[in-house]
Number of protein chains: 2
Amino acid sequence: MKKIDLFSKDEKISASEEKEVKSRRDFFKKAAQLSVGTVTAATILGPVEIKADDPAILEEQPWATTLGDPVTKNRYGLPSLYEHNNIRRNMKLLQSGNWQASIAMCPIHESMGIITPNGLFFSRAHGGVAQIDPNKHRLMIHGLVEKPIVLTMDELKRYPSVTRTHFIECPANGGPEWRGPQFNSAQFAKGMMSCAEWTGVYLKTILKDIGLKPNAKWMLAEGGDSSHMGRTIPIDKVLDDAMIVWGQNGEALRPEQGYPIRLLLPGWEGNLCVKWLARLEFSDKPWYAKEETAKYTALKPSGKAIQHFYALEVNSIITSPCPEKPWTDIKKGQLVEIEGLAWSGMGTIKGVDITFDGGKNWVKAELKGLVLPKAWTRFSYIYKYEGKPLLLGSRAYDDAGHIQPTVKQEREAMGVESVYHRNAIHTWEVTAKGEVNNVQVLS
Amino acid sequence: MKKIDLFSKDEKISASEEKEVKSRRDFFKKAAQLSVGTVTAATILGPVEIKADDPAILEEQPWATTLGDPVTKNRYGLPSLYEHNNIRRNMKLLQSGNWQASIAMCPIHESMGIITPNGLFFSRAHGGVAQIDPNKHRLMIHGLVEKPIVLTMDELKRYPSVTRTHFIECPANGGPEWRGPQFNSAQFAKGMMSCAEWTGVYLKTILKDIGLKPNAKWMLAEGGDSSHMGRTIPIDKVLDDAMIVWGQNGEALRPEQGYPIRLLLPGWEGNLCVKWLARLEFSDKPWYAKEETAKYTALKPSGKAIQHFYALEVNSIITSPCPEKPWTDIKKGQLVEIEGLAWSGMGTIKGVDITFDGGKNWVKAELKGLVLPKAWTRFSYIYKYEGKPLLLGSRAYDDAGHIQPTVKQEREAMGVESVYHRNAIHTWEVTAKGEVNNVQVLS
């Protein structure tokens, strides 16, 4: 464990000053008299006159003298009103021009750990968020299976369930920035993703029950919403870890995530994880549906497009600092924690490197908390802030041998027309004042 | 993997019937015509006349033909309106008679995985739920430390953070049932607990920074709400895994959990994890505060009370079936998944046994998903339902060598006056009709 000394000397109370602290009441009184903002220990407890028994003190903090809310005022609880800025924000897509075919961006700069709370989970919809009555919804499984079935939600949930923690990411995450930075914001640059604990049934469990015909090589997944999103999945993925999920972080899937059920293909493009799932059909050929021809194909420099584009590459972003969380209040010589998220649709994060000079030199970050396959993985590096300009970037690698490319390497391979699957090293410029800007290092 | 056959023969479509399925439109049409309830595949697709090209079909499901909601209609998302029954419910405490000093019970029967969503997290308050302005809140750390400090929330959060998944449980969970069953409900019998991913700072990290004096043996934790909950913690726990947390499942702590900060003592009584935390004082003696003398002590048959009562014992409960989730719709011969939660404040769950005859015979359940120390651990057993009466119970054991006692063993040790720390084997009676009742097996 590194020695931590986050507070400069003049912010600390000396041992001799401490004897003046006569009671907690003084603390409340003096704290309450101070204006909002950064208050140092010395300011609160240093020069002030201590009156240990002033009875008027506690009234100054209203919550210390009056009863709070009944514990079940909210039978379904909500965040503190002081957290009103921690919300999803809308990225209206240029090509559609409406709020139904749009994206609710996750505030990844405010994220902690690896769970995204359901209220902040990113959402992309093609025909708006359907509000489906689960009692009327059915799942049909047919085509090249021995026993086609149509299931009610109650019937589906009788299958033995599994719970897995996985990220879901739109393959267009970062897609607006193939030619250069567009957003001075972590939320808009990389917020088309989130991570949750999902509960549902493995498709292989159902297929073992109803029987898959030997010539079944592809599965069509189709949504019951008005967009009828249809995507073709190769059978190997179906029989590996594909799930039908109805649970998200311990409760029913949210409407924005496809309530009552969605397909989950761990590590694969979010749009393949069809929401409001209504139909699975098995065939010996792929379908080439609208959303896998007109969209979700990646144009290469050769003029040819990648059509069957599935697993998301290893990727990472620093979330602290970032444009929304600058270092403008950090003093020279203070230690500060650099934090970020790494993920790979192809395996488990094995490590993350940090650069302070745009990729010339690298140091090893620490992975913290749970490290799970195809899940967000948080990394950390304790840094002594010196108030110098930085080009701060992160480079993740996974246990399948993948590592993030530089912007130059990515452009050489994919050009700038792909829209999808950007995973080049992301760089923040940190100015001498601690401001943070979105930049790209082209070398 | 066991062979799963959850649907009896007459509920399945034969392969020959499947050729009548001409399009998904028929599926939607016929599904929509059926009334709510259990609908078998044979009923939907068997005898009905198929008209493949009826244009009126899709209109019958409104969400299939009309745009849904804008994706950022809710910048902070909410559950589906159809989930209105998955809520916390109030247990009004007899001795207090008001809604502020009460308990919001977690719907554990609806839980999935090991994460409780923040909106459903159980909550106990002594003076109501304080709504604290984080800009005005301070944390004082003083007493036997080298450098006493008063921290703003921004300053506190500059310490390097850690993220850990732990349950929090009120020691009175199940406490009303020392003399026998009181609630025909899993939510009311064992819902004074939940489990989340917590983010904050280890107290040992702060103490390394400010210096702990050698004679510091106890820590007082005090809340800034109107109840000023005060509890004394031995220094060994403080220096082991005690945290000050500000994050809960990837967002700010909820007001009911002590926003902006609470103490977290993994595995120890929930009331020790002081909410709305405002002050930590170190001393060479314990405090004997109100809430550790008048309350939260356990009266033994000898007439003496256990006063310093900390870690929660190994425990478990079956959540499916339960009174809220009976087996009345399960048919004889069907396989059904028995599920439940196990937890120990003293270590990691090592295994769970299931009994069908009130403890005479036991079989081994499977632990599923993540198995983490001092966290909810989910167990599962695939059972062939025969429609016979059962006395269904679970018995968990942890890696520290603890195992749940029988009711008889627990009463011999603790009598029935303890109120706190009940962890005897919990039994559900399953009737021949599949109804489920809360009972106690006294042998």
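What the table shows:
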{"read-out": "Chain A pair-distance distribution - Cα-Cα, 20 Å bins, rounded %", "value": "22, 48, 24, 6, 0"}
{"read-out": "Average other protein chain Cβ within 10 Å of Cβ, residues A:106-116", "value": "6"}
{"read-out": "In nm, spacing of pseudo-spin labels at A:LEU78 and A:ASP154 (7 Å Cα→C-beta vector)", "value": "3.3 nm"}
{"read-out": "Under 14 Å, Cβ to Cβ, from B:TYR397 - net charge with Lys/Arg +1 and Asp/Glu -1", "value": "-1"}
{"read-out": "Protection-proxy order for peptides B:342-348, B:395-401, B:381-387, B:110-116, each taking the mean of Cβ atoms within 10 Å per residue, highest first", "value": "B:110-116, B:342-348, B:395-401, B:381-387"}
{"read-out": "Computed E for A:ARG179/B:LYS433 - FRET, C-beta separation, R0 56 angstrom, nearest 0.05", "value": "0.25"}
{"read-out": "Other-copy label distances relative to B:ALA432, 7 angstrom Cα-Cβ extension, nm", "value": "8.9"}
{"read-out": "Computed label-point distance, nm, for sites A:HIS308 and B:LYS204 using a 7 Å Cα→Cβ extension", "value": "5.2 nm"}
{"read-out": "Test item: B:252-263 mean partner chain Cβ contacts at 10 Å", "value": "4"}
{"read-out": "Residue mean of other protein chain beta carbons inside 10 Å, A:83-92", "value": "4"}
{"read-out": "Exam field: B:ALA305 pseudo-label spacings to other copies (7 Å along Cα-Cβ), nanometres", "value": "7.3"}
{"read-out": "FRET E, pair A:ASN85, B:ASP69, Förster distance 22 Å, beta-carbon r, rounded to 0.05", "value": "0.50"}
{"read-out": "Virtual spin-label span in nm between B:LEU239 and A:ASP357, 7 Å along Cα→Cβ", "value": "4.2 nm"}
{"read-out": "In degrees, nearest ten, helix B:24-33 long axis to first principal axis of chain B (Cα)", "value": "80 degrees"}
{"read-out": "Label distances, nm, B:ALA413 versus same residue in remaining copies, Cβ-directed 7 Å point", "value": "5.8"}
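We did not get these values from a lab; they are worked out from the coordinates using the rules stated. Computed from a predicted structure; not experimentally measured. No Cβ is skipped: glycine too gets one built from the backbone with ideal geometry, and neighbour counts run over all protein chains shown.
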